[in-house]
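**Q** Below you'll find the structure I mean.
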Amino acid sequence: MKVGIIGCGSIAKHRHAPEYKGNPYIDEIVFYDRNRDRAQALADLFNGRVAESLDELLEDKSIEAISDCSSNETHHIFSTKALLSGKHVLAEKPISLTIAQANEILEAEKQSGKVLMVDHNQRFTRAHQKAKEIIASDELGKVLTFKTTFGHNGPEHWSINSTNSTWFFKKDRSGFGVAGDLGIHKVDLIHYLLGDEIKQVSAFQGSLDKVDEHGNPIEVCDNIVCNLKTQSGRLGTASFSWTYYGEEDNSTIIYCEKGILKIYHNELYQIEVIKENGERIHYQLEAIQTNDNQTNSGVIDAFVRSIRLGEKPIISGEDALASLRVVLGILEAAETEQVVRI
Ligand SMILES: NC(=O)c1ccc[n+]([C@@H]2O[C@H](COP(=O)([O-])OP(=O)(O)OC[C@H]3O[C@@H](n4cnc5c(N)ncnc54)[C@H](O)[C@@H]3O)[C@@H](O)[C@H]2O)c1
């Protein structure tokens, strides 16, 4: 099949395009970006072609699926339009900036009957897959509490516009700052690993260190720390940061009735299980993807498989909406200094 990519920045270059290129069912990638040079650069790199306009891309009947890799504020426009044009859609996270916008996309999914998947790629890493298996096996008993974090040195080191004027720092385009950029990944991961949903939150947020192109503190948070309670009463904490300078932290600890599961805490062993008697079991799987180490995420292969086999995608629009609700709740809690029920 042929696929189209809308938005030819960093995630298109480092994940979507190379993984489509490596998928045996993909014949050609068609690139569209309002900055034509960026589309051309990826077309050259991945031996694809450029669409001159969004309409040209969406009206092309030979294209079956679209990756929406545009910045956050346009996901609901492009993903909705692509679905209603009869394309399967893999939308980047966060699904949208508001619940109403997410519902627009979900409605278009229903109307079109096409596959909608959202790129919450944390579900796919081997360590997270293994962690889910260990939790489900009941070897450690029930999950009681958890602690998760995701932080790096900031999107101005990643985005195609690698300066402080990046859209990631603008309220109207990024929406949620680090909470929607990194936080939403771990919210989705906790939902996935625990088979449970976060239902109550409190939080503190700040723009502690990042400045915009004029030297002013950015309009969105660069750090947020949260207390979380799930539907079934589990308690957790989460910290999300764009100011972890020197090294990324992408780790999670799950505390259970009969021991502890540590994920991405040890460089050598991606999972450590510590039993209640102190016994340690180490799993050597694969290193987590970082901004500097982009290995195959498995997301594109899963999306293509869903389309080919007519299977429900591993991350649905509803899953993405559930995570969006939590991020909105966390930000409301931080703003109002109140506990928020999701
Ligand atoms: N799943 C992940 O792990 C992950 C990682 C990074 C980024 N992302 C998400 O991917 C999306 C893109 O992020 P990025 O890092 O590639 O950003 P980026 O700034 O590097 O690239 C975005 C591209 O979209 C294009 N674009 C923006 N608005 C457009 C419009 N209206 N019409 C046409 N083109 C438009 C820009 O010109 C730019 O080339 C964001 O939603 C981000 O949250 C996801």
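The values are calculated or read from the model by the stated rules, or taken from the named source; none is laboratory data. The structure displayed is predicted, hence computed values, not measured ones. Please note: Cβ atoms are built from the backbone with ideal geometry, for glycine as well, and neighbour counts cover all protein chains shown. In case anyone asks, the SASA skips ligands and DNA or RNA and just uses the protein heavy atoms, side chains included. Shrake-Rupley method; radii C 1.70, N 1.55, O 1.52, S 1.80 Å.
**Q** I'd like to check which strands (runs of 3 or more DSSP E) are fully inside region 156-264 and have at least 3 residues that are β-branched (Val, Ile, Thr).
**A** Working: elements: 198-206, 223-230, 235-241, 252-256, 259-263.
Counting at least 3 such residues, we get 223-230, 252-256.
**Q** Using the structure shown, decide if Glu247 is within 29 Å of Val89 (Cβ to Cβ), under 20 Å from the mean Cα position of the chain (by Cα) and open to solvent by 20 Å² or more (accessible area, probe 1.4 Å).
**A** Numbers: within 29 Å of Val89 (Cβ to Cβ): no; under 20 Å from the mean Cα position of the chain (by Cα): yes; open to solvent by 20 Å² or more (accessible area, probe 1.4 Å): yes.
No.
**Q** Restricting to region 271-309, count the residues that are within 23 Å of the chain's Cα centre (by Cα), modelled with pLDDT of 95 or more and open to solvent by less than 70 Å² (accessible area, probe 1.4 Å).
**A** Of the residues in that region, 9 qualify.
**Q** Taking region 77-88 only, how many residues are within 15 Å of Ile26 (Cα to Cα) and either open to solvent by less than 10 Å² (accessible area, probe 1.4 Å) or within 11 Å of the ligand (Cβ to nearest atom) (or both)?
**A** Of the residues in region 77-88, 1 are within 15 Å of Ile26 (Cα to Cα) and either open to solvent by less than 10 Å² (accessible area, probe 1.4 Å) or within 11 Å of the ligand (Cβ to nearest atom) (or both).
**Q** Is it true that some residue in region 131-146 is more than 27 Å from Ile77 (Cα to Cα), within 16 Å of the ligand (Cβ to nearest atom), surrounded by 21 or more Cβ atoms within 10 Å (Cβ to Cβ) and outside the structural domain of Gly86 (by TED's automatic domain parsing)?
**A** From region 131-146, those more than 27 Å from Ile77 (Cα to Cα) are 131-146; that's our starting set.
Now narrow it down to the ones that are within 16 Å of the ligand (Cβ to nearest atom): none.
No; the residues of region 131-146 include none that is more than 27 Å from Ile77 (Cα to Cα), within 16 Å of the ligand (Cβ to nearest atom), surrounded by 21 or more Cβ atoms within 10 Å (Cβ to Cβ) and outside the structural domain of Gly86 (by TED's automatic domain parsing).
**Q** Can I ask one more? With (1) open to solvent by 20 Å² or more (accessible area, probe 1.4 Å); (2) touching a Gly at 6+ places or on another chain (Cβ under 7 Å); (3) within 12 Å of the ligand (Cβ to nearest atom) as the list, and Thr74 as the residue in question, which single condition is left unmet?
**A** For Thr74, the failing item is (2).
**Q** Identify all residues within region 8-52 that are part of a loop (DSSP other than H, G, I, E, B), surrounded by fewer than 18 Cβ atoms within 10 Å (Cβ to Cβ) and within 15 Å of the ligand (Cβ to nearest atom); write none if there are none.
**A** Result: Arg34, Asn35, Glu52.
**Q** From the list Ile95, Ile99, Ile5, Ile66, which one is more than 10 Å from the ligand (Cβ to nearest atom), surrounded by 24 or more Cβ atoms within 10 Å (Cβ to Cβ) and of a type in the set (Val, Ile, Thr)?
**A** Numbers: Ile95 fails: more than 10 Å from the ligand (Cβ to nearest atom); Ile99 fails: surrounded by 24 or more Cβ atoms within 10 Å (Cβ to Cβ); Ile5 fails: more than 10 Å from the ligand (Cβ to nearest atom).
Only one candidate passes the filter, namely Ile66.
**Q** Can you tell me which condition Leu54 does not meet? The list is (1) touching an Asp or Glu at 6+ places or on another chain (Cβ under 6 Å); (2) aliphatic (A, V, I, L, M); (3) closer than 19 Å to Ile77 by Cβ, and all the others hold.
**A** In the conditions (1) touching an Asp or Glu at 6+ places or on another chain (Cβ under 6 Å); (2) aliphatic (A, V, I, L, M); (3) closer than 19 Å to Ile77 by Cβ, Leu54 misses (1) alone.
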